[in-house]
Structure formats: structure tokens, C-alpha cells
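Worksheet: one structure, shown below.
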Amino acid sequence: MYLGASFNTGEHSHNAIQVVIALDGETEIQIEGEWRKDSVFVLLPNTKHRTTFLGRVALLYVDAEDSRFHFTPNSPNAFVSSETLNRLNSCCNSPVSLGDAEILYNSVLTDLGIYAFSSGPQDPRIRKCLKYIESQIGNEINMEDICKKAGLSESTFSHLFSKEVGIPLRRLLIWKRLKIAINYFLQNGCTLTEASLQAGFSDQSHFTKSFREIFGITPSFVFGKKLRLLNSMKRVKV
């Protein structure tokens, strides 16, 4: 979860549900090529979008890789209660503990009607592969080895994996490694290069390219001088 000034991004998509809440009235997002202005946006996984600088925002990412989520808004338009909005504004103006951030995060999801409705992939072969990926995420992961674990050909595995998980294997690996790198960077005060290597990226260039592909901006912009408060005030939930 991020609270603060909005910023310009290039067009991008990711496998998380993204919630964008304007804290100063309205903000503007280009969704699948069309610019829209509203106070609350809920972007489903793999939706191409870009944002522009327009006031303060709350950004939440609902990770859909381990549990399937669906979006059932409580009204025709996405809606966040005035109580939740006031709490977001309050947290935006002062540091917040991780415990309070978790409570606020869940309040937003409840307001929007975003609920988990299954325990993830049902096929035991895919569940087995996901456990293997978790154990090897910091190392090089070979498609051939994963297919052997599943007992499937590469083409059959690719089709089944995308069907069960919702995204291709490559996108899942990038998403998981980005989360590891971000957490490691924030918790250890290391360099981005050290964090990217710890997460299994070949080098910082690979990490930067992947970060931009998923979030539409470079990691140096997010974790550099322009948004330094993200680190010191713990306003990122990943």
C-alpha cells in the first residue's frame, strides 16, 4: 500500500488487482487506451493502464497469485466509505504502524467488496510446482525442471499453468522476485543491486527492466530522492 503524491507512469500491467483512491477529489488513469477521471478505480489483473500526476492517492495491490479474488462492488460504482477515506488521509499525513496499515488495507477491500473465493490452483501438479518455485525463487528456475516436476510437456504445462494461476510462469516469477527484492531493500537498508541479486535477478539491469514492465516506472524513481519517504515512513505494503 502506498499513500502520497500520484506520479506519471508508462503503460503497464501486472497480475495483481490494483486499487487507486484519490485523496484530493479525483485522479486520472488511462485504461486500455482511454483516459478516465474518477475518485476510485479498481483495475483487474493484466489490465493495461498508465497514470498521471494529479493530487494525492492511495495505491493498494491485491496479490492474486495464491488465492483467486473477485470484485463485487457494493454499489454500481467503486465506493470507499467516508470513515475509510478519513483514515487514509490521516495516515497520509503521518507515519503509520504496519499493524494499523494492515487493518486499513483490509477495510478498503471490505468497502470495495474484494474477497478471496478459493484457495488457489486446484490441480495438484500445479500446486506441487508452486511449492517448488517458492523453494527455489532466489535461484535460477528452469522451465524443463518445472515440467518434469509436473510430469507434463512444456506446451501442456504452459497452458495448464496459465489456466490455474491466471498468468504465465514468467510473469509469476517476475512478480515474486520483485516482491522479494522490494522487501529486502526496505528491511535491510541495502543497495538495489544487492536486493535484486538476493531475489534471483541476474543483475540490477534485469531488475530495473522487470520493475518498469510491471509498475511502469523505474525503481530508482520510487526508492530514490523523489519518493524517499516510502522507505523511512513504511508506507509500502508488499
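Taking (1) among the charged types (D, E, K, R); (2) at pLDDT 85 or above; (3) out of contact with any Cys (no Cβ under 9 Å at 6 or more places or on another chain) in turn, Glu102 satisfies each apart from (2). Taking residues in the range 126-154 that are over 21 Å from Gln198 (Cβ atoms), and partners anywhere that are outside any helix (DSSP H, G or I), the pairs with Cβ atoms closer than 6 Å and at least 6 places apart or on different chains are Arg127/Pro121. The number of residues in the range 179-215 that are assigned to a loop (DSSP other than H, G, I, E, B) and crowded, with 19+ Cβ neighbours inside 10 Å comes to 3.
When we screen Glu140, Glu134, Glu213, Glu194 for residues that are among the acidic types (Asp, Glu), modelled with pLDDT of 90 or more and either assigned by TED's automatic domain parsing to the domain that holds Val108 or on the phi < 0 side of the Ramachandran plot (or both), the only hit is Glu194.
Residues are listed down the side, and each one gets a yes or a no for (1) assigned by TED's automatic domain parsing to the domain that holds Ser94; (2) closer than 17 Å to Asn89 by Cα; (3) surrounded by 16 or more Cβ atoms within 10 Å (Cβ to Cβ); (4) not hydroxyl-bearing (Ser, Thr, Tyr):
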residue: Thr9; (1), (2), (3), (4): yes, no, yes, no
residue: Asn15; (1), (2), (3), (4): yes, no, yes, yes
residue: Thr27; (1), (2), (3), (4): yes, yes, yes, no
residue: His49; (1), (2), (3), (4): yes, no, yes, yes
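The values are calculated or read from the model by the stated rules, or taken from the named source; none is laboratory data. Everything quoted here is computed from the prediction, not taken from an experiment. Heads up, the Cβs are rebuilt from the backbone with ideal geometry, glycines too, and the neighbour counts pull from every protein chain shown.
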